[in-house]
Structure formats: C-alpha cells, structure tokens
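Structure first, commentary second.
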Amino acid sequence: MTVNVQDHRSMLLQTDDEFRDLAARHKELEQRLADLSGKAHLTEPEHLEQATIKKRKLQLKDRMEDIVRRVVETKRSA
C-alpha cells in the first residue's frame, strides 16, 4: 500500500512535536497575512510585516517539507 505525502503530514501532525509546532506557527502567520490582505490600505510598517511574514512562512514550509522528506526516505529504506 502506498502512503502519500498528505498521509505523512497527517501522521506527523499527530506524532512529531517539531512538525506540529511548525504547522501551528505557519497557520498563525497565514491568519495574520489574511488579516493584512483584508485591509484596503497598508501602512509602510504593515507592508514590511507582510513581506516578513511571507518569507517566514516559506521558511517554515521548507522545514516542514524537509521533515516529510526525511520520513519518506526513512520509510523507503526500511
């Protein structure tokens, strides 16, 4: 039976504290980004915050993908 990446993510959310923390932080940043996007006009500090949030979200996503890749590779070699 083949396990897809989404199944690995679901499993990691239940079993891996780091992955769960990263996902929670990513979700918080996503919400803040949505809040900023809902504004008709952003101040200069809000523009900077928006750019910073986008970069941080990408960093978190990259780290989460690294963890998923590690799990997939570990299961393949087992």
* Mind listing just one residue for me: the one in region 6-18 that is exposed (fewer than 12 other Cβ atoms within 10 Å of the Cβ), among the acidic types (D, E) and modelled with pLDDT of 95 or more and, of those, nearest to the chain's Cα centre (by Cα)? => E18
* Pairs, first among the acidic types (D, E) in region 1-24, second at pLDDT below 95 and part of a helix (DSSP H, G or I), C-beta under 9 Å, six or more apart -> D16/V71
* Somewhere in region 1-18, is a residue over 30 Å from R76 (Cβ atoms) and aliphatic (A, V, I, L, M)? -> no
* Asked: Condition test on V72, is it touching a Lys or Arg at 6+ places or on another chain (Cβ under 8 Å) and at pLDDT below 95?
  -> no
* To do: Look through region 19-37, keep the residues that are among the hydrophobic types (A, V, I, L, M, F, W, C) and surrounded by fewer than 13 Cβ atoms within 10 Å (Cβ to Cβ), and return whichever of them is farthest from the chain's Cα centre (by Cα).
  => A34
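The values are calculated or read from the model by the stated rules, or taken from the named source; none is laboratory data. No experiment lies behind these values; they were computed from the predicted model shown. All Cβ positions, glycine included, derive from the backbone under ideal geometry; neighbour counts span all protein chains shown.
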